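The values are calculated or read from the model by the stated rules, or taken from the named source; none is laboratory data. Nothing here was measured: the structure is a model prediction, and the numbers come from that model. Counting neighbours? That spans all protein chains shown, and the Cβs are built from the backbone with ideal geometry, glycine included.
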């Protein structure tokens, strides 16, 4: 019987954007059954008015985010503000799959954690970006998984092949234009529609954004003896979803890399990855192509006059950047087909 | 064996918005196999750069839209400019399912066709809006189906219960705000991003829009002895997808309808419809909730001071308004479950 | 000497959208000198980070909104939440020009005030829509002026000529699509960029929006013996500024009005109005054309099949809809040229 | 008498975005009188439907772009496709002020022109970016002026102080997010609203965009012995107007520059510039603040971990980036106050 094999899944933080996206994808997933949905200040409310796009769950009532409510599920997704995951994860049984969409367990270096987040470091879980070299195995059968940040996901995948193939010096520049949903659903004046429509702005400039050490952590293992340095600038642009990361680095001193070489290296690096799509030469990524999908679109070229390799990547920050990665990790954790319930097809136009 | 039972499907007009949306949905449909893709001026080109969101079809080459190419499929979707469908449909075998996303076979009245479209009337096919009273049966097993216009879909479903229940006089006012994809992918100055962003405009005002007679045709059968008159004004607003239709009519002279009565009538009218979602009292439709989904969101109230019933409906013009309706009709034509491959879950935020 | 004749102006509520727009226009006004700027919770802060577009005022420090601060100016603009204006206005000298951008003094009928706003009615001031028949004279030299609501401004001017000329029955339907700035700068979840981009929604449906009685009040005097009834539905669409109002009414029973007749009536009605621009036949209003300007764009036609006159109007809700109207009233109050410091030129594209 | 001293001005290319913006600003300019308006394929049409925001010019008829029409004016603005300016400029009297919004006369190096634009180099005119060191004097009284490209304007001003003060190596990385109006008003599929809304994309990646040599030309004189290399990546983001340029470069080897040092250098560099506004520390530029204005907003910091200086600049691509610069050059050419008819106040929100 099919029903008996479905995993029972809870989502903590179901009224926010990350939780909503996890639920959107779980509703299309054939191997799960949606159990408890919890919230903080929205506990006690019906989901319908909070997430009106999730019609099949419209009548569900949000419960408080407590151990009692979350216990008894096979899988628990945490989509909570930073700092709340550790206590919950500790109280759940060791064989429960806990997938944290927050930052608490992403960083390996306690010093980096303290510098960028403050407070004590909670620990490090399996890092949910299986497309990074060497990361997939740790996710198979894992019971504690940290979903990567949205900017690190696209930035790391856009630069990894160039570093791994020794095409560039590890002096990286990333300028990433993001939609507003990455900033969450809490009401803040600078995120009002009136403020963001018709407006492009920079923030967290100069290496102070919290995703900077995560990008460095992802790419340092690919840089050989070199020390990775990342200049990361996030931009807010007028769209709800999507990140477009423009990444560049100086060509390696010894290299005579052409645009064709670089493209070939990227194609080869991701040849077996179901969600990474290196575009044909001449096409450049755009976020609309990946809306709602788990795909990463990439392109690369060489600017000979400037002496730099330039690569561009696009993801949906809520899908592959958060909820899609979470479901992909679920599949790996449960030993299912990695692509189950996910798509590479975007919603365009 | 599963493969042998799949229907082989061709899409004519695969490089446009309607054709692209049909393909987006077919890629998630378990009972079809995608065959020939054809285009007009884009014939010979690879689909990838034209529809970069359809990754699994990126390497497909577009063929010319000819009988030879389209023949030999179980199903043919036509997403062509007006006036091109009749010749193709006549040349295809009678047992091929032909689903026309264009206007050629929607209208029953040749005079209305000639007045609004010009040229001779091609005929009338089964009208693909099964949620309208009496329309579903004709679609089961049909071999020639006309997909409704996007505005008529939402306008008709938003007003039908009020007329059918005798709550209003048939003097209807519809103001429908649409995203720009409804205007298609042909390059026109007034549809440039620079022209539509930060801009709301009215067009086709005064009963001259071609969807006016289609709305009338849909609603007249529900109006009893009354003669339906529709004042229809379409608006263009700064978004790619979605239509929000604000519809009102004078309360029937004899009626003492309350908002609760009206809501109850709508809930009852659509109680068995899997894609029509009457929101709970106090919630009003928004297009974001139905993006990419086949759902129709509705709400209704009574304005006693103005003596009018006011109802609002939201659809995704490309999904339920075009491609989703086409797939829903495919399911009915082939005797499949009507909801197969379709979802009520929208992509938000 | 010119400098000595400049009026000294204070703006209460300088950190919000209405106050910011008043300041934007005052900075271009040759006959005023900007005095105190006040705020509520932002008092003590520098204006620069709050209104970064107002560069010449970047170093100004906001003072608390008190009588002491506001006293001693020739003109005081109030851009405050409802209910705060009366106390301030009473405490200021009678010869100070007080221009209230809020709702407190707009309605003449205390019962309507109590029903839509609650609490006691503060009174009625000269109504700042000089383009309405009979309103301009009361504004010349006035010392207490209520700036109209943004929706009533465009709705009233779009329908007034049709009523005044007896072309329609006073059974009015208004559907008005607005940008988000009309909802103000207070942080609310449903106004987040992620919620409003790619989204059209209806709110305040069924005659419950507070601007409904104000539209009725403006139009009743033009309706002769008829009783004006207004069905008003506001929509939120993805843009910061602008309102597009689609207005219609049944043609008067005895009339044989053509589209040309209606257009001629509108042209004649506004022939002497510097800010009202009736477009040539065939052109329809769009909000982009009036961004930042004090212009109202109008067009009208007749739908013979539906038996209705349909008129569409566009304004910038913050300019002619709030701050521009306030400055226009300032000019009338001070006996200056009515157009001083204002423009009919919009910012497009 | 004032009228007799006004300069008579013609605008060639009045139906496009650049020409429309020049006209928007000229309508607010006290020292000019608008003469002939010309167009290519739109010649013979009335301006109203083409530029509906320019109400005072609504009834003007466009003339063909010929020498006969343009002759007899004191000033001629050229807003034409590349390659058309030289013939016109040669035919006009030497004492006519000719201000070219196109690219024909911007580059000094014929080889760079041929490589990026093709065809023969037309020549080099006074370069209309007076805020660049050494450029203003050549503009005073000039009779032939080349208005800079929009990307070079903001990129050059954002990096100039860092190079001039020796804070950085001349290995520059610029990623500039632009609104769509920079791509002009010609109808192209990839610029349709449906394609650009909800979408961020990169184009011209790898040093192939035509504005690359212009940025290099502007900055090389400030780099001392160093050879300027520019990696320039333009992005298209969903807004009509505005460019946000994120610029960075490695800190000079010998320098121990702090963020405060860098900020002080920028403040000093632009202390006397009326249109360049270096924001206070902690505030970062956003395009909304400069909409419609001639202002440039800048901010700078130092990323010690990455070893780079990062500066961000914002302009309105049509205003300071095109039409505003053109009017500023007009003022310099005619010996008027440089700020006449221009503003630093933006249209926000």
Item to complete: Taking residue A:167 as the residue in question, decide whether it is crowded, with 24+ Cβ neighbours inside 10 Å and in contact with a strand residue (DSSP E or B) (Cβ under 7 Å, 6 or more places away or on another chain).
Response: no
Worksheet item: If you check A:265, A:259, A:252, A:271, which single one turns out to be at the interface with chain D (Cβ under 8 Å from one of its Cβ atoms) and surrounded by fewer than 21 Cβ atoms within 10 Å (Cβ to Cβ)?
Response: A:259
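For region A:1-89, which helices (runs of 4 or more DSSP H) that fit wholly inside it have 1 or more residues that are surrounded by fewer than 17 Cβ atoms within 10 Å (Cβ to Cβ)? Steps first, please.
Details: elements: A:17-26, A:47-50, A:67-70.
Fully inside region A:1-89 and qualifying: A:47-50, A:67-70.
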Worksheet item: Can you name the residue in region B:275-298 that is under 16 Å from the mean Cα position of the chain (by Cα) and assigned to a loop (DSSP other than H, G, I, E, B) and, of all such residues, is surrounded by the most Cβ atoms within 10 Å (Cβ to Cβ)?
Response: B:291
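Return yes when residue C:313 is in contact with a helix residue (DSSP H, G or I) (Cβ under 8 Å, 6 or more places away or on another chain), at the interface with chain D (Cβ under 10 Å from one of its Cβ atoms) and surrounded by 24 or more Cβ atoms within 10 Å (Cβ to Cβ) and no when it is not. Give the steps one after another, and end with the answer.
On the way: in contact with a helix residue (DSSP H, G or I) (Cβ under 8 Å, 6 or more places away or on another chain): yes; at the interface with chain D (Cβ under 10 Å from one of its Cβ atoms): no; surrounded by 24 or more Cβ atoms within 10 Å (Cβ to Cβ): yes.
Here the answer is no, as residue C:313 does not meet what is asked.
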Discussion item. Restricting to region B:206-217, name every residue that is surrounded by fewer than 22 Cβ atoms within 10 Å (Cβ to Cβ) and closer than 18 Å to residue B:134 by Cβ.
Written reply: B:217
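Could you check how many residues of region A:84-98 are free of Cβ contacts under 8 Å to residues at least 40 places away in the same chain and in contact with a helix residue (DSSP H, G or I) (Cβ under 8 Å, 6 or more places away or on another chain)?
Matching residues across region A:84-98 total 2.
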Item to complete: Just name the residue that is nearest to the chain's Cα centre (by Cα) out of those in region B:90-102 that are within 22 Å of residue B:42 (Cα to Cα) and assigned to a loop (DSSP other than H, G, I, E, B).
Response: B:101
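Checking the conditions here, which among B:24, B:115, B:106, B:60 is within 14 Å of another protein chain (Cβ to nearest Cβ), over 26 Å from residue A:344 (Cα atoms) and touching a helix residue (DSSP H, G or I) at 6+ places or on another chain (Cβ under 9 Å)?
On the way: B:24 fails: over 26 Å from residue A:344 (Cα atoms); B:106 fails: within 14 Å of another protein chain (Cβ to nearest Cβ); B:60 fails: over 26 Å from residue A:344 (Cα atoms).
Checking each option against the conditions leaves just B:115.
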Fill in: Residue list for region B:218-228, filter: surrounded by fewer than 20 Cβ atoms within 10 Å (Cβ to Cβ) and within 21 Å of the chain's Cα centre (by Cα)
B:220, B:221
Response to the item:
Restricting attention to region D:232-250, the residues that are over 17 Å from the mean Cα position of the chain (by Cα) and farther than 16 Å from residue D:154 by Cβ number exactly 2
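Across region A:316-349, what is the total count of residues that are part of a helix (DSSP H, G or I) and touching a helix residue (DSSP H, G or I) at 6+ places or on another chain (Cβ under 7 Å)?
Looking only at region A:316-349, we keep the residues that are part of a helix (DSSP H, G or I), and these are A:319-334.
From what's left, touching a helix residue (DSSP H, G or I) at 6+ places or on another chain (Cβ under 7 Å): A:319-327, A:329, A:332-333.
Qualifying residue count for the region: 12.
For region D:237-249, enumerate the residues that are outside any loop (DSSP other than H, G, I, E, B) and either more than 11 Å from chain A (Cβ to nearest Cβ) or touching a helix residue (DSSP H, G or I) at 6+ places or on another chain (Cβ under 8 Å) (or both).
Let us first name the residues in region D:237-249 that are outside any loop (DSSP other than H, G, I, E, B), namely D:243-249.
Answer for region D:237-249, where residues must be outside any loop (DSSP other than H, G, I, E, B) and either more than 11 Å from chain A (Cβ to nearest Cβ) or touching a helix residue (DSSP H, G or I) at 6+ places or on another chain (Cβ under 8 Å) (or both): D:243, D:244, D:245, D:247, D:249.
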Item to complete: Name every residue in region A:113-126 that is outside any helix (DSSP H, G or I) and under 20 Å from residue A:322 (Cβ atoms), in order of residue number.
Response: A:122, A:124, A:125, A:126
Worksheet item: Taking region D:299-310 as the search range and keeping residues that are touching a residue at least 12 places away in the same chain (Cβ under 8 Å) and more than 7 Å from every other protein chain (Cβ to nearest Cβ), which one is farthest from the chain's Cα centre (by Cα)?
Response: D:309
Worksheet entry | Matching helices (runs of 4 or more DSSP H) fully within region C:127-236 where at least 3 residues are within 14 Å of chain A (Cβ to nearest Cβ), on the phi < 0 side of the Ramachandran plot and at pLDDT 95 or above | C:193-196
Worksheet, complete the sentence: Pairs returned, first residue in region A:138-157 that is free of Cβ contacts under 8 Å to residues at least 60 places away in the same chain, second residue that is surrounded by fewer than 20 Cβ atoms within 10 Å (Cβ to Cβ) and part of a loop (DSSP other than H, G, I, E, B), beta-carbon separation under 9 angstrom, 6 or more apart or interchain, are A:144/A:94; A:144/A:123; A:146/A:124
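Tell me which residues, restricted to region D:125-149, are out of contact with any strand residue (DSSP E or B) (no Cβ under 7 Å at 6 or more places or on another chain), closer than 18 Å to residue D:216 by Cβ and buried (at least 20 other Cβ atoms within 10 Å of the Cβ). Even if it seems obvious, please write down each step before you answer.
Here is the first cut: in region D:125-149, the residues out of contact with any strand residue (DSSP E or B) (no Cβ under 7 Å at 6 or more places or on another chain) are D:129-130, D:132-134, D:136-137, D:140-141, D:149.
Of the ones still in play, those that are also closer than 18 Å to residue D:216 by Cβ are D:129, D:132-134, D:149.
Listed by number, the residues that qualify are D:129, D:132, D:149.
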